[in-house]
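See structure below.
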Amino acid sequence: MTLAPDSFDFVATLVRRRSAIQLDVGKEYLVESRLAPLARSAGAIDVEAFIRSVRANVTLHDQVVEALTTNETSWFRDRHPFDVLKDTVIPDAMTRRGGQLRVWSAACSSGQEPYSIAMTVAEHFPQLRASIVATDLSESVLAQGRAGQYSQLEVNRGLPAPLLVKHFERKGPVFEVSEQLRSMVTFRRHNLLDAPPLGGPFDVVFLRNVLIYFDVATKRDVMRRVRSVLAPGGWVLLGAAESTIGVDDIWERVPVAGGALYRPREGKAA
Amino acid sequence: MKALVIDDSRVMRRIIGAILTDVGFEVIEAGDGQEALMRLEQHPDVRLCCIDWNMPVMNGYEFIVATRKRPEYRDITLMMITTEGEQEQIVRALAAGAHEYVIKPFTADVIVDKLGYLGLLDAEVHA
Amino acid sequence: MTATIDWAPVLAGDPLLQISQELFSTMIDLEPGLVERWVGDRPILDDPRYTWVDVAGEQLVRVVIGTGRETGEAITRALLGLPDGTPVSDEDYVDAVGEVANVVCGNVKSLVTHPGTLTIPVVAPAAPALEHGTCLEDACLSWRGAPITVALWLLP
């Protein structure tokens, strides 16, 4: 079944208005696959019928936006950003800031990224005082992050077993993150289109797999807001398929083993 | 690379075997720990064992203990794949020498992802 | 060391539905949303097969899964990635549906940190006689519209 163009338009407009995320034509499959479970649980015969009921019922809008904006997530997603954090970013920040590190994990979803950052600190820099601000648009994913509870399926995804037994405790059906890691992370609701969150200036901002959803002008705005809360010498980590090229020439791309880091160019201060 | 899948259920052996074959492994099978030790004698080039816990004759935990006593097997990566999900059991298996632990049910990408950070994926095949 | 299991908090979490949904979405359907609680009267299973696995130990816990033969065959084909309509051998049937019971039972065992060990699955055309046991939960689920019963028993 293919989605009727006006149904797709309706969803794309709704999502753009609420989150600035751009769903271009060609992303119909994404709308279908993300909304299929909602359609099924609402008893609709298909996604098309579900969208018709969403158009008639404002109270369903939230869950549609959430279903389309929540990032798929796993522990240590893509691996190399956490190696870059350990090998480059933290040692670099320590020479400038001593024993303190401030991190912003933007679009953190249900918390796997900020807790993976916290585990990297706990494993390799136990003396470091790290504070991680984790933000997302969706209250429900933030609630899970704050609770620090993950199902068996969720801890299976990308979390090395030695870290699972060290930093989590099984409580009935869920695994709960240790107090040590939780004390490093603060979850806050935040829209990337608004003023940046409190808790900065940040030595590093994780902004991964978010820019891909935005148009160029929004990308530039988001990145400029990120720059305004970056500590001197601070770094930005983007997703593997993202870059600032063609977005804004104030950013310098610095290749590091396995990927790249971004920082504002010298002389182009905010 | 060669992998040994150790499970008393043929269905599970086939499921795990298919995942490993997809990412370029040559897969051999055993129905219990004892048979697995025999297979290791025949195939000294096995690099990965995927091991169920509950099996007749010799269970997966006993197999890990037996394997870790043999210096010639120290380069083999041992991954438990089991329904035993208690924290205590995971700790026991890791302490005995397992490198990874997957709780059933699982999806293929969970296994593939773990193989990735264990350094067991041939980049070309996987890409 | 007899530690009596406190089942109340475990059962409150609707474990049989939860575990079944996780198992079917990851290993059988490869997508979520196809297992739900059965709505309406409990149906009679067509050409029924019952599969059970025990946790043997201080307290004997049993998970019994009931399906119609055809549903069990569909589960077997899905687990093995066989095309629709492929004939299913008895051996594959017992192995596949047995694995489903094994995973459900193993997950129940993890929930209550039961120190016992899982037994080898048994498949029979009739439910096992459990007149001295206590049924803790007897769930009827719908998988793609077909009924599947999942029951949790405590045996003396």
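The values are calculated or read from the model by the stated rules, or taken from the named source; none is laboratory data. Quick caveat, the model's predicted, so the values are computed rather than measured. Note: ideal-geometry Cβ built from the backbone for every residue, glycine included; neighbour counts use all protein chains shown.
Brief remarks follow.
- Condition met for A:LEU192 (aliphatic (A, V, I, L, M), buried (at least 17 other Cβ atoms within 10 Å of the Cβ) and more than 14 Å from every other protein chain (Cβ to nearest Cβ)): yes
- Looking only at region B:55-104, and only at residues there that are within 13 Å of the chain's Cα centre (by Cα) and polar (S, T, N, Q), the one that is nearest to C:ASN102 (Cα to Cα): B:THR82
- When A:SER151 is tested against (1) buried (at least 24 other Cβ atoms within 10 Å of the Cβ); (2) within 14 Å of chain B (Cβ to nearest Cβ), exactly one condition is not met: (1).
- Residue ID - surrounded by the most Cβ atoms within 10 Å (Cβ to Cβ), chosen from residues in region C:113-154 that are among the polar types (S, T, N, Q) and more than 14 Å from chain B (Cβ to nearest Cβ): C:THR149
- Failed criterion for A:PRO173 (all others in (1) without any contact (Cβ under 8 Å) to a residue 24 or more places away in the chain; (2) at positive phi; (3) not aliphatic (A, V, I, L, M) hold): (2)
- Within region C:81-96, if we keep just the residues that are assigned to a helix (DSSP H, G or I) and facing chain B (nearest Cβ under 9 Å), the residue that is surrounded by the fewest Cβ atoms within 10 Å (Cβ to Cβ) turns out to be C:GLU91.
- Flag: C:VAL103 matches the condition of being touching a helix residue (DSSP H, G or I) at 6+ places or on another chain (Cβ under 6 Å) and either more than 8 Å from chain B (Cβ to nearest Cβ) or assigned to a helix (DSSP H, G or I) (or both).
- Contacts under 7 angstrom Cβ, first residue in region A:143-157 being at positive phi, partner among the β-branched types (Val, Ile, Thr) and outside any helix (DSSP H, G or I), 6 or more apart: A:GLY148/A:VAL177
- Considering the conditions (1) within 14 Å of chain C (Cβ to nearest Cβ); (2) more than 17 Å from B:ASP122 (Cα to Cα); (3) surrounded by fewer than 15 Cβ atoms within 10 Å (Cβ to Cβ), B:ASP8 is excluded by exactly one of them, (3).
- Filter result (free of Cβ contacts under 8 Å to residues at least 12 places away in the same chain and either away from chain B (no Cβ under 13 Å) or outside any loop (DSSP other than H, G, I, E, B) (or both)) within region C:23-36: C:SER25, C:THR26, C:GLY33
- Meets criteria (outside any loop (DSSP other than H, G, I, E, B) and touching a Pro at 6+ places or on another chain (Cβ under 9 Å)) for A:ARG224: no
- In region B:104-127, the residues that are farther than 17 Å from B:LYS2 by Cα, outside any loop (DSSP other than H, G, I, E, B) and either out of contact with any helix residue (DSSP H, G or I) (no Cβ under 6 Å at 6 or more places or on another chain) or modelled with pLDDT of 95 or more (or both): B:ASP109, B:ASP113, B:TYR117
- For region B:47-65, filtering for residues that are touching a helix residue (DSSP H, G or I) at 6+ places or on another chain (Cβ under 6 Å), over 12 Å from B:HIS99 (Cα atoms) and away from chain C (no Cβ under 14 Å) leaves 2.
- Flag for A:LEU164 being touching a Phe, Trp or Tyr at 6+ places or on another chain (Cβ under 9 Å) and more than 14 Å from chain B (Cβ to nearest Cβ): no
- With respect to the conditions (1) in contact (Cβ under 8 Å) with a residue 12 or more places away in the chain; (2) surrounded by fewer than 18 Cβ atoms within 10 Å (Cβ to Cβ), B:LEU78 falls short on a single one, namely (2).
- If the condition is being at pLDDT below 80 and assigned to a helix (DSSP H, G or I), then region A:67-78 contributes only A:THR69.
- Here B:GLU72 meets the list (1) closer than 29 Å to C:VAL108 by Cβ; (2) outside any strand (DSSP E or B) almost entirely, failing just condition (1).
- Residue pairs meeting the criteria (Cβ under 9 Å; at least 6 apart or on separate chains; first more than 7 Å from every other protein chain (Cβ to nearest Cβ), in region B:101-118; second of a type in the set (D, E, K, R)): B:ALA108/B:ASP22; B:ASP109/A:ARG157; B:VAL112/B:ASP22; B:LYS114/B:GLU100; B:LEU115/B:GLU100; B:GLY116/A:ARG79; B:LEU118/B:GLU100
- Among (1) within 26 Å of the chain's Cα centre (by Cα); (2) hydroxyl-bearing (Ser, Thr, Tyr); (3) not assigned by TED's automatic domain parsing to the domain that holds A:MET119 - the single one A:SER41 does not satisfy: (1)
- Candidates are the residues of region C:1-28 that are surrounded by fewer than 17 Cβ atoms within 10 Å (Cβ to Cβ) and of a type in the set (Asp, Glu); the one that is nearest to the chain's Cα centre (by Cα) is C:ASP14.
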